[in-house]
Amino acid sequence: MRKANRNNWARFNPKTNIMWLVYLARYVHKKLEKSNIGTPEERERFVCLFQSMHRFEGNLSEWILYNGDRMVHVVELDEL
């Protein structure tokens with residue numbers, strides 16, 4: 001990310017927003033695996049949601065609203 005924004009963190013750079021989302025999705029997926037939360041299929045669906053993000057016709061807020069329920073089925077609130 002530092003390379004993408006030339007270490008200028010004050011300037012808006014949409015590329016780094018996507019990089020953060022990818023990082024967070026990978027981080028959460030690793031934590032789900034390590035903690036054995038959900039089935040392997042559910043964890044795979046969680047990752048697939050993020051991989052399909054670039055095909056969504058709308059903004060990120062709409063994507064979260066559209067897919068939020070699907071993500072909750074993998075990570076139940078009482079498991080956090």
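No lab work stands behind these numbers, since they all come straight from the coordinates. Fair warning: this is a prediction, and the values are worked out from it, not measured in the lab. Here the Cβ is made from the backbone with ideal geometry for all residues, glycine too, and neighbour counts use every protein chain on show.
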Cβ crowding within 10 Å averaged over residues, with 7-13, 22-28 ranked highest first:
22-28, 7-13
Quick one: helix 40-51 against the long Cα principal axis of the chain, what's the angle to the nearest 10°, folded into 0 to 90?
20
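With Kirkwood's inverse mean 1/r over C-alpha pairs for Rh, give me the Rg to Rh ratio of the chain, two decimals please. Write down the numbers at each step before the final one.
Working: Rg = 14.4 Å, Rh = 14.0 Å.
On the Cα set of the chain, Rg over Rh gives 1.03.
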1/(1 + (r/R0)^6) with r = Cβ-Cβ of I64 and T16, R0 = 22 Å, i.e. FRET efficiency to nearest 0.05, evaluates to 0.75
Summing -39500 (n - 2.57) over the DSSP H runs of n ≥ 4 in the chain and dividing by its residue number, what mean residue ellipticity at 222 nm do you reach, to the nearest 500 deg cm²/dmol?
-19000 deg cm²/dmol
Here FRET efficiency (C-beta to C-beta, Y27 to M1, R₀ 22 Å, nearest 0.05) is 0.95
